[in-house]
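Note sheet for the following structure.
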């Protein structure tokens, strides 16, 4: 059996011959690139995304801050962790996470660590999400006015064990939320070894 290659993504950008925004959106754009690939050329359209952050905020009673919010593409009210776009030019991802936790859940946290980061859909979007674990929760010094879908957003605290069970039985289907919860479970159990 041949030896497996190093299991690590390798940055290897193709030569882009032409790149155009074919749809200018309110939040993100759709871009079309023509690029060299092998002996020829390919054309691909994709969501040109600013990137995002998500926060797995855990209180002293092992409850996770969870939002219930309407999401139009899914035509559903979804359970999600606090999250937001990296839409402030030059703002580090951790600062965006701090800001989003305050804006969406009226909370601040004393302790922060990166939990997991990944591309959400490598075949169709440039969105890269940084997910942080936050603890040492306390009320934010400022309460934010929420608009749009966020105006009807509900903030809850759910025991981690119940949240994990809901992710595993398919009751929750937001990909980054499920990934964050499973990463936290792996962190707690030390089971990142594939067994």
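The values are calculated or read from the model by the stated rules, or taken from the named source; none is laboratory data. Everything numeric here is computed off the predicted structure, so don't read it as measured data. When we count neighbours, we look across all protein chains shown, and the Cβ atoms used for this are built from the backbone with ideal geometry, even at glycine.
Condition check ((1) crowded, with 17+ Cβ neighbours inside 10 Å; (2) more than 29 Å from residue 48 (Cβ to Cβ)) across all residues:
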site: 92; (1), (2): no, no
site: 98; (1), (2): yes, no
site: 104; (1), (2): yes, no
site: 150; (1), (2): no, no
site: 156; (1), (2): no, yes
site: 168; (1), (2): no, yes
site: 176; (1), (2): yes, no
Original post:
Among the residues of the range 58-76, is any on the phi > 0 side of the Ramachandran plot, modelled with pLDDT of 95 or more and either outside any loop (DSSP other than H, G, I, E, B) or in the same structural domain as residue 112 (by TED's automatic domain parsing) (or both)?
Top reply: yes
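Being farther than 16 Å from residue 129 by Cβ, modelled with pLDDT of 95 or more, under 15 Å from the mean Cα position of the chain (by Cα) and in the same structural domain as residue 158 (by TED's automatic domain parsing): is that true of residue 94 here?
Numbers: farther than 16 Å from residue 129 by Cβ: no; modelled with pLDDT of 95 or more: yes; under 15 Å from the mean Cα position of the chain (by Cα): yes; in the same structural domain as residue 158 (by TED's automatic domain parsing): yes.
It is false that residue 94 is farther than 16 Å from residue 129 by Cβ, modelled with pLDDT of 95 or more, under 15 Å from the mean Cα position of the chain (by Cα) and in the same structural domain as residue 158 (by TED's automatic domain parsing).
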Original post:
Hey, any hits in the range 119-127 for a residue that's in contact with a helix residue (DSSP H, G or I) (Cβ under 8 Å, 6 or more places away or on another chain), surrounded by 16 or more Cβ atoms within 10 Å (Cβ to Cβ) and assigned by TED's automatic domain parsing to the domain that holds residue 70?
Top reply: yes
**OP:** Filter the range 140-195 for residues that are at pLDDT below 80 and within 20 Å of residue 119 (Cβ to Cβ) and give the result.
**Re:** 192
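Say we look at the range 18-49 and pick out the residues that are outside any strand (DSSP E or B) and free of Cβ contacts under 8 Å to residues at least 40 places away in the same chain; which of these is nearest to the chain's Cα centre (by Cα)? Before the answer, list the steps.
To start, the set of residues in the range 18-49 that are outside any strand (DSSP E or B) comprises 24-28, 38-39, 49.
Subset that is free of Cβ contacts under 8 Å to residues at least 40 places away in the same chain: 24-26, 28, 38-39.
Working: 24: 22, 25: 20, 26: 19, 28: 15, 38: 32, 39: 36 Å.
Checking each candidate, the answer is 28.
Against the definition (surrounded by 12 or more Cβ atoms within 10 Å (Cβ to Cβ) and within 20 Å of residue 167 (Cβ to Cβ)), how does residue 108 come out, yes or no?
So residue 108 does not fit the description; no.
How many of the residues making up the range 32-46 are surrounded by fewer than 17 Cβ atoms within 10 Å (Cβ to Cβ) and touching a strand residue (DSSP E or B) at 6+ places or on another chain (Cβ under 8 Å)? Talk me through it step by step, then tell me what you get.
Taking the range 32-46 as the starting set, the residues that turn out to be surrounded by fewer than 17 Cβ atoms within 10 Å (Cβ to Cβ) are 32-45.
Within this subset, residues satisfying the condition of being touching a strand residue (DSSP E or B) at 6+ places or on another chain (Cβ under 8 Å) are 32-36, 41-45.
Looking only at that region, the number is 10.
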